[in-house]
Amino acid sequence: MFLTKATGSLCLLKRSSSCSVICGVRFYAPNAPAAARTASAVGKSPVEVLKEKLDHGEIQPDPHQHHITEALQVVYDSIKTYSPPKPSTGIGKWFGFGKDQKVDAPKGLYIYGSVGGGKTMLMDMFYDCCTIERKRRVHFNSFMTDVHAKIHDIKSKHVRDASNTKPQPFDPIKPVAELITEGSWMICFDEFQVTDIADAMILKRLFTYLFNNGVIVVATSNRAPDDLYKNGLQRSNFVPFIGVLKSHCNVVTLDSGVDYRTAALKGESKHYFDKSLGDANASMDKLFKVLCSQENDMIRPKTFTHFGRNITFAKTCGQVLDSTFEELCDRPHGASDFLQISQFFHTVLIRDIPQLNLKLKSQTRRFITLIDTLYDNRVRVVVSADVPYKYLFSNEKLDDMHTSDEHRMLMDDLKITKDSTDASSNIFTGEEEVFAFERTVSRLAEMQSAEYWTLWEKHR
């Protein structure tokens with residue numbers, strides 16, 4: 001996690017190891033000890049745990065979920081006696097011993113399907129069953145943020161020979177892959193998605209090194225492997241990664257046509273306020289006052305210093321952030337900024353969300369990343385918006401996708417003409433935002449539920 005010291009009396013969020021099942025999805029405290037998270041699955045296989053959940057009425061019978069569990073069982077059985085060597089270190093590393101050595105590892109699993117079907121629940125169930133030390137469960141956005149930070153760190157420490165005038169090529173991806181492998185030989189990725197060109201350009205090299213080191217990958221995604229980075233900028237450079245991924249992971253789909261998050265909602269929400277139905281600001285003020293009464297702090301602004309930048313919020317109280325859509329999404333925040341927010345605050349109020357559309361692609365993209373990050377870290381969210389959550393995104397077509405100054409400047413910088421293939425990339429059309437917002441709506445629905453909201457109270 002990229003946590004930096006913040007001004008004011010901020011402390012890191014501490015959460016207990018308790019868990020809860022909401023809408024068929026199991027929740028844990030993200031920082032809970034591994035032993036606590038695996039307690040209910042120790043000595044059991046994925047198929048056995050699924051049967052217990054069904055017997056106890058925790059989830060509903062679903063043949064699609066049963067099929068995925070059987071596929072996870074295959075991976076579980078294949079790694080029982082598997083333990084890859086750690087990457088070479090010490091003097092042998094520098095003299096090239098073991099160079100380009102490939103480890104013959106069992107295949108992992110790539111699970112894709114529509115939102116709310118239970119992919120994350122099943123992967124977490126599998127993760128808990130695997131009683132191995134070098135394992136990691138991480139949201140893909142957080143993982144790539146960590147990778148870019150490691151690349152930056154290794155580049156900054158690399159010393160070039162000033163006396164040598166010849167080119168001195170240096171690839172920081174391999175040492176980054178070795179660092180990752182040293183910590184984990186099994187990685188479970190939640191929400192595997194590729195929307196950033198910087199990620200797309202390094203994934204083939206990074207995962208080739210990881211797989212050669214014996215890393216096993218289990219991943220969930222809303223997209224099939226062949227649709228990753230669909231219509232992305234310079235996608236031809238990304239396509240070889242798809243082959244690498246499919247050669248090391250079996251691919252299965254979970255698409256029951258049921259969104260268990262929205263299906264389980266009952267009654268009116270008290271945490272999403274539609275401004276067209278009443279005084280949303282007054283409702284938000286009242287709830288913020290209640291939340292402040294539970295904090296040992298005063299209402300005040302706070303500033304975070306993150307990667308050398310100051311991020312200021314005008315209104316906070318302890319671990320509660322009262323913010324606006326403008327503060328969070330109009331400013332150039334990235335995934336790592338939202339990740340830090342999720343570590344400092346257990347509740348975030350987001351006021352005045354407009355109806356989003358393709359004219360607001362940058363803000364929409366940030367909002368999707370924000371909700372993904374808060375959801376993955378189980379942060380409570382209170383919202384006031386111009387429209388109900390189901391209509392928060394308006395998929396209206398624009399007359400000309402390339403008329404904005406931002407698009408024209410980017411196309412000029414990349415030497416892209418209006419008639420070229422790259423001119424129809426997601427970055428200009430907003431197709432990825434349209435696809436991803438379905439997941440955002442589903443998660444917003446679950447974040448309104450009483451079960452999700454009270455989860456933190458059980459941890460206090």
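The values are calculated or read from the model by the stated rules, or taken from the named source; none is laboratory data. Just so we're clear, the structure is a prediction, and the values are computed from it rather than from any experiment. When we count neighbours, we look across all protein chains shown, and the Cβ atoms used for this are built from the backbone with ideal geometry, even at glycine. Each accessible area value is taken on the protein alone, full model and side chains, heavy atoms only, with ligands, DNA and RNA left out. Shrake-Rupley method; radii C 1.70, N 1.55, O 1.52, S 1.80 Å.
Scoring 231-239, 285-293, 104-112 by mean Cβ neighbours within 10 Å over their residues and listing the highest first yields 104-112, 231-239, 285-293. Give me the accessible area per residue for region 176-332, probe 1.4 Å, as a whole number in Å². Counting only protein heavy atoms, the per-residue value for region 176-332 is 43 Å². Counting only the Cα atoms, region 270-375 fills a convex hull of 103 Å³ per residue. Ignoring ligands, DNA and RNA, please state the percent of accessible area on region 262-371 from carbon and sulfur, probe 1.4 Å. In region 262-371, the share of accessible area belonging to carbon and sulfur is 52 percent.
For the pairs 157/246; 157/361; 135/230; 246/390; 53/204; 275/361, flag any whose C-alpha to C-alpha distance is greater than 28 Å. Beyond 28 Å: 157/246; 157/361; 135/230; 246/390; 53/204.
Annotation: the antiparallel percentage among DSSP beta bridges lying fully within region 279-352 is about 60.
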